[in-house]
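The values are calculated or read from the model by the stated rules, or taken from the named source; none is laboratory data. Nothing here was measured: the structure is a model prediction, and the numbers come from that model. Cβ coordinates were reconstructed from backbone atoms using ideal geometry, including for glycine residues, and neighbour counts include every protein chain displayed.
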Amino acid sequence: MNIYVGNLPWSVKDDDLRQLFTEFGDVSSANVIMDKFSGRSRGFGFVEMPDSAAAENAIKALNEKELGGRNLRVNEAKPREERPPRRTKH
């Protein structure tokens, strides 16, 4: 299951996110989304867990949990919607 984790403190890195979720089961991947221009965290990330029951437990336990002074937003990630290509002005 792919899990969305929002409202992350700016200091959280991929390994921190992985460690937060390993308490509930195996984690296939954990990625904090970074701004491609500034290189800073965008304040959200995604965690992939192969066991959906463990993922559901993690979501229930971690949603609204305080981390670094911020309340996390944790839920099942929605499939990414395809956006129309950006038109550039010439």
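Give the stretch 65-76 a look and list any residue that's of a type outside the set (S, T, N, Q), outside any loop (DSSP other than H, G, I, E, B) and under 12 Å from the mean Cα position of the chain (by Cα), or say none. If the condition is that a residue be of a type outside the set (S, T, N, Q), outside any loop (DSSP other than H, G, I, E, B) and under 12 Å from the mean Cα position of the chain (by Cα), then 73, 74, 76 are the ones that fit.
Out of 85, 50, 79, I need the residue that is surrounded by 11 or more Cβ atoms within 10 Å (Cβ to Cβ), part of a loop (DSSP other than H, G, I, E, B) and of a type outside the set (Gly, Ala, Ser). Which one?
50
Please enumerate the residues belonging to the stretch 12-27 that are touching a Ser or Thr at 6+ places or on another chain (Cβ under 9 Å), charged (D, E, K, R) and not in a helix (DSSP H, G or I). 13 - this is the single residue of the stretch 12-27 that is touching a Ser or Thr at 6+ places or on another chain (Cβ under 9 Å), charged (D, E, K, R) and not in a helix (DSSP H, G or I).
Filtering the stretch 47-90 to residues that are among the small types (Gly, Ala, Ser) and within 16 Å of residue 20 (Cα to Cα) leaves 54, 55, 58, 61, 68, 69. Annotation note: of 27, 74, the sole residue that is in contact with a strand residue (DSSP E or B) (Cβ under 7 Å, 6 or more places away or on another chain), in contact (Cβ under 8 Å) with a residue 40 or more places away in the chain, at negative phi and of a type in the set (A, V, I, L, M) is 74.
How many of the residues making up the stretch 54-64 are assigned to a loop (DSSP other than H, G, I, E, B) and either within 13 Å of residue 3 (Cβ to Cβ) or touching a residue at least 12 places away in the same chain (Cβ under 8 Å) (or both)? Break it down stepwise before answering.
Pass one, the stretch 54-64, residues assigned to a loop (DSSP other than H, G, I, E, B): 63-64.
From the residues that got through so far, the ones that are either within 13 Å of residue 3 (Cβ to Cβ) or touching a residue at least 12 places away in the same chain (Cβ under 8 Å) (or both) too are 63.
Summing the residues that are assigned to a loop (DSSP other than H, G, I, E, B) and either within 13 Å of residue 3 (Cβ to Cβ) or touching a residue at least 12 places away in the same chain (Cβ under 8 Å) (or both) in the stretch 54-64 gives 1.
Just checking, does the stretch 34-47 include any residue being over 16 Å from residue 76 (Cα atoms), of a type in the set (A, V, I, L, M, F, W, C), modelled with pLDDT of 95 or more and surrounded by 13 or more Cβ atoms within 10 Å (Cβ to Cβ)? Yes: one or more hits.
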